[in-house]
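For reference, the structure discussed in these notes is given below.
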Amino acid sequence: MTTEIHIGRRGFLIGGAAIGGLSLGLHIPYGAEAAEAAAAPEVNAWVLVKPDDTVVIRIARSEMGQGTLTGLAQLVAEELDCDWSRVTTEYPTPGQSAARGRVWGDFSTGGSRGIRDSHDYVRKGGAIARQMLIQAAANEWKAPASECRAENGVITHAASGRSTSYGKVAEAAAKLTPPANVALKDPRDWKIAGKGLKRLDTADKTTGKMLYGVDVRLPGMLNAAIKACPVFGGKLASYDESKIANFKGVKKVVRVGDNAVAVIADTWWRAKIALDALPIVWNEGPNAQSNSPDTAKWLADGLHNSEPAVTGNRNGDAYAAIARSPKIIEAVYGYPHQNHAAMEPLNATALYTPEKCEVWTGTQNGEAALEAVVAASGLPRENCDVRKVMLGGGFGRRGFADYVTQAVLIAKQLPGTPVKLLWSREEDMTQGKYHPVTQCKLTGAFDADNKLAALHMRISGQSIFSTVRPQMVKNGLDPAVFQGLAATGDARIGYDFPNLLVEHSMRNPPVPPGWWRGVNINQNAIYLECFMDELAHASGEDPVAFRRKLMANHPKHLAVLNAVAERAGWDKPAPEGLHRGAAVFMGYGSYVAAVAEISVAPDDKIKIRRIVAATDPGYAVNPAQIERQIAGSFVYGLSALFHGEITLKNGRVEQENFDSYDSMRLKDMPKVECIVMPSGGFWGGVGEPTICVAAPAVLNAYFAATGKRIRALPLRDANISFA
Amino acid sequence: MTVLFVNGKTIEADVEPDTPLLWALRENLGLTGTKYGCGVGQCGACTVHIDGQPTRSCSVTVADAVGKKIRTIEGLAENGVLHRVQQAWIDFDVPQCGYCQSGMIMAVAALLKETPQPTDKEIDAAITNICRCGTFQQVREAIHAASKA
């Protein structure tokens, strides 16, 4: 017996299994509500209110663990003045959005932008709906709307003593013309937003009921396992499917684009073992000669001042100041390729017919996924759609739609049959969109009075935009390369140097780059903040005091640095055997700082004892979730510091699973003491900024403990590990 | 047909005996709460109980699981009442993306059965699951809370 659960206005998922009398409910997190809500009046695009007063808030951005679903719902609910305990959410589809003139705005969920780029219009959505609901009640009562007030989903008219609920007037409200202008609340008056409310999506994540892309099952669905050419840029030459003709459950073997082959079977496991047995011949192409050590040498060449470079930030004349300096400090740092390694391997389920094409998937960018469906299916946009489900992590990888394209190309070869494409962990590890590789030579110059006179940062290496969005690169300048080092924008450098030059020599190895949680602030914060530590020691000053002197015109950077220094007791010696390091940076509109306290055993085993971290995101929509993002950022950032490295040998990624691409475990993680200190007046992100201070704080503490500078990741290459 | 004993019920599955238990649970029995993360026993997302022991189901074959009591995340709550670990997970708002949490919860439930009030050291030794979102701090807090429940 199977259960069909309708998703939205069309589509279905199987929610039960017929085996052995087991009755298994499968909750569809947004879809089931959406089906019911279809009957509920849509007050406006953002808000539906059911007759029982349940409020359905539409969320365009994607939830992947970062809490944006709950935070955005809080912002809408705040302006709506509804009863938070009756709030549910649903995702509109990208197809619905396209059909309605992008009424929900951008779906893209990356760059810590979920809230900071949409707070204004989602709050207006809530405020407009509130006004329409009040107006509907006022019309019924023939009272002026200005005399009616709403609270907790109840509208009252004090003069006549009447009251009603949102659910009772929603149908009438839905017929009204929305007001053109609405006033938004002062954040100081927030009652729902600004509070550390619990997430809306927790319960199903504790019972196994939450539906991720990997869990999607459709009637008659088949499963596909895929292998793309292990050398980037290589093509599929041929395969011999006769060798797997007798494999149980195998239905079809198909080419996918020009570089991959997929086996389609009744179950994924049967597809996978058949694929593993399938003889495949690749045209590996020129990148088969690519090896990571050669790439490192080529990048090092770019550090020479004679090589061409573009300027990302400059004041004064750093070259001249360095030339006349009596004391010069120089160091070269490096940051490797890294994979996202989200816990849920990439997957998408597609159903193609000559008339329409639908995809179910976890994506950080529903609209990009829809465009991929349109392109791969060759069907008009209005005949395509994407149904988003929960993401088992994204970290930037699910902002790409390559796996969606593949799923559609596969399903197209079996019209009318839904096919779920699931990547193996090995495919996920070796077909990534990796954290870009760069190196950086830093030169600091002191004047005769031992004051810092100049800083020159010369970055050599990969640009994400040059591959992913080349139109963003003008005259060789990729602005994102200078993230955290720029003079202006949402990732500004926090120091004033008398002379500064930051430049980039672009060198793009044949490894596809992508946005990786934190993106370019990760390496730039290591380069700058570890080198600031080096300069402080060279000048004989305390690293925090040294920084403070250069931060007079950057009060928000200074405030987070001071906050962590004070909480960590920086001005007093660390406890016996412990050593401290600090770092401060800005990214994604937020100011972040950290102090790490570590011990280092003689065999170079590190125990991280304490982390203090501060964030000023401007407004804190859900402080409890911000604390979780800060703490989680250390797990991601320190996994990268200790373990994270993707290398190429003969063009192939050498790391295929967590045994060679390890991740931090619970035992390695101390408590993170979070200081959430929103100073108001701006909207910064929280999912990514803190990652960048994790590694430099620990590296600086390692120097304090050992007197040794580690200037390249991961630490395992220097035989340094967690205790 | 292979006969398995899962969550208190005897069920039949049309599956080869050398299939990893993980895939039999997910694909043949529809128990998708148990997650695929690595397939090589590293990440722990597929942790289930076999005769009470926390086990990475990607690394056990169906043949090895025959005749044993298998419990998955779907069978952790009893008589409609959440297990105290599940309840602690809700109380402490532990999951972020949540994908690894079925395995995490199963590992913790087994730990608390064996060691009702674990120290931090015992937690460190027993809970080796990978979580890329980084929920470890809440996991530790919730374990301590559940151990007192």
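The values are calculated or read from the model by the stated rules, or taken from the named source; none is laboratory data. Since the model is a prediction, treat every value here as computed from it, not as a measurement. Neighbour counts run over all protein chains shown; Cβ positions are idealised from the backbone, glycine included.
The figures follow:
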{"read-out": "Any chance A:VAL216 is within 14 Å of chain B (Cβ to nearest Cβ) and touching a strand residue (DSSP E or B) at 6+ places or on another chain (Cβ under 6 Å)", "value": "yes"}
{"read-out": "Failed condition for A:GLY489, given (1) touching a residue at least 24 places away in the same chain (Cβ under 8 Å); (2) surrounded by fewer than 19 Cβ atoms within 10 Å (Cβ to Cβ)", "value": "(1)"}
{"read-out": "Scope region A:635-663; condition more than 30 Å from A:GLU673 (Cβ to Cβ), touching a helix residue (DSSP H, G or I) at 6+ places or on another chain (Cβ under 9 Å) and within 11 Å of chain B (Cβ to nearest Cβ); matching residues", "value": "A:GLU656, A:ASN657, A:SER660"}
{"read-out": "Conditions (1) under 23 Å from A:ILE526 (Cα atoms); (2) in a loop (DSSP other than H, G, I, E, B); (3) away from every other protein chain (no Cβ under 14 Å): number failed by A:ASP603", "value": "(1)"}
{"read-out": "Checklist (1) away from chain B (no Cβ under 14 Å); (2) under 30 Å from A:MET343 (Cα atoms); (3) part of a loop (DSSP other than H, G, I, E, B) applied to A:GLY101, failing item", "value": "(2)"}
{"read-out": "Residue within region A:649-659 that is surrounded by 20 or more Cβ atoms within 10 Å (Cβ to Cβ), touching a Ser or Thr at 6+ places or on another chain (Cβ under 6 Å) and more than 19 Å from A:PRO714 (Cβ to Cβ) present", "value": "yes"}
{"read-out": "Breaking point among (1) in contact with an Asp or Glu (Cβ under 9 Å, 6 or more places away or on another chain); (2) farther than 30 Å from B:ILE90 by Cβ, for A:GLY196", "value": "(2)"}
{"read-out": "Residue match in region A:567-580 (condition: part of a strand (DSSP E or B), farther than 30 Å from A:THR202 by Cβ and either of a type in the set (A, V, I, L, M) or not assigned by TED's automatic domain parsing to the domain that holds A:LEU197 (or both))", "value": "yes"}
{"read-out": "Flag if A:LEU222 is within 14 Å of another protein chain (Cβ to nearest Cβ) and in contact (Cβ under 8 Å) with a residue 40 or more places away in the chain", "value": "yes"}
{"read-out": "Residue within region A:489-512 that is more than 18 Å from A:LEU303 (Cβ to Cβ), among the small types (Gly, Ala, Ser), outside the structural domain of A:ASN365 (by TED's automatic domain parsing) and more than 20 Å from the chain's Cα centre (by Cα) present", "value": "yes"}
{"read-out": "Members of region A:225-249 found to be more than 10 Å from chain B (Cβ to nearest Cβ) and of a type in the set (Gly, Ala, Ser), listed by number", "value": "A:ALA225, A:ALA228, A:GLY233, A:GLY234, A:ALA237, A:SER238, A:SER242, A:ALA245"}
{"read-out": "Test: residue in region B:138-145 that is within 9 Å of chain A (Cβ to nearest Cβ) and buried (at least 24 other Cβ atoms within 10 Å of the Cβ)", "value": "yes"}
{"read-out": "So A:ILE626, is it in a helix (DSSP H, G or I), away from chain B (no Cβ under 11 Å), of a type in the set (A, V, I, L, M) and under 19 Å from B:GLU141 (Cβ atoms)", "value": "yes"}
{"read-out": "One residue from A:SER306, A:SER292 being hydroxyl-bearing (Ser, Thr, Tyr) and in contact (Cβ under 8 Å) with a residue 40 or more places away in the chain", "value": "A:SER292"}
{"read-out": "Region B:65-94: number of residues that are touching a residue at least 40 places away in the same chain (Cβ under 8 Å), out of contact with any Asp or Glu (no Cβ under 8 Å at 6 or more places or on another chain) and more than 14 Å from A:LYS205 (Cβ to Cβ)", "value": "8"}
{"read-out": "Strands (runs of 3 or more DSSP E) completely within region A:319-432 that count 3 or more residues being touching a strand residue (DSSP E or B) at 6+ places or on another chain (Cβ under 8 Å), buried (at least 24 other Cβ atoms within 10 Å of the Cβ) and of a type outside the set (Asp, Glu)", "value": "A:347-352, A:357-361, A:384-388, A:419-422"}
{"read-out": "Single condition A:LYS198 does not satisfy, out of (1) outside any strand (DSSP E or B); (2) away from chain B (no Cβ under 14 Å)", "value": "(2)"}
{"read-out": "Set A:ALA271, A:ALA277, A:ALA265: member being over 18 Å from A:THR430 (Cα atoms), touching a Gly at 6+ places or on another chain (Cβ under 7 Å) and at pLDDT 95 or above", "value": "A:ALA265"}
{"read-out": "Set A:ILE115, A:ILE155, A:ILE128: member being more than 34 Å from the chain's Cα centre (by Cα), buried (at least 17 other Cβ atoms within 10 Å of the Cβ) and either free of Cβ contacts under 8 Å to residues at least 40 places away in the same chain or within 22 Å of A:VAL182 (Cβ to Cβ) (or both)", "value": "A:ILE155"}
{"read-out": "Given (1) assigned to a loop (DSSP other than H, G, I, E, B); (2) touching a Ser or Thr at 6+ places or on another chain (Cβ under 6 Å), number of the condition A:ARG709 does not satisfy", "value": "(2)"}
{"read-out": "Residue in region A:161-189 that is surrounded by the most Cβ atoms within 10 Å (Cβ to Cβ), counting only those that are in contact (Cβ under 8 Å) with a residue 12 or more places away in the chain and among the hydroxyl-bearing types (Ser, Thr, Tyr)", "value": "A:TYR166"}
{"read-out": "Some residue of region A:277-289 being within 14 Å of chain B (Cβ to nearest Cβ) and in contact with a helix residue (DSSP H, G or I) (Cβ under 9 Å, 6 or more places away or on another chain)", "value": "yes"}
{"read-out": "Qualifying residue in region A:295-310 (condition: of a type in the set (S, T, N, Q) and closer than 27 Å to A:ALA491 by Cα)", "value": "yes"}
{"read-out": "Region A:201-211, residues that are in a loop (DSSP other than H, G, I, E, B) and within 25 Å of A:ALA407 (Cβ to Cβ)", "value": "A:ASP201, A:GLY208, A:LYS209, A:MET210, A:LEU211"}
{"read-out": "Residue match in region A:477-488 (condition: among the aromatic types (Phe, Trp, Tyr), outside any loop (DSSP other than H, G, I, E, B) and over 18 Å from the mean Cα position of the chain (by Cα))", "value": "yes"}
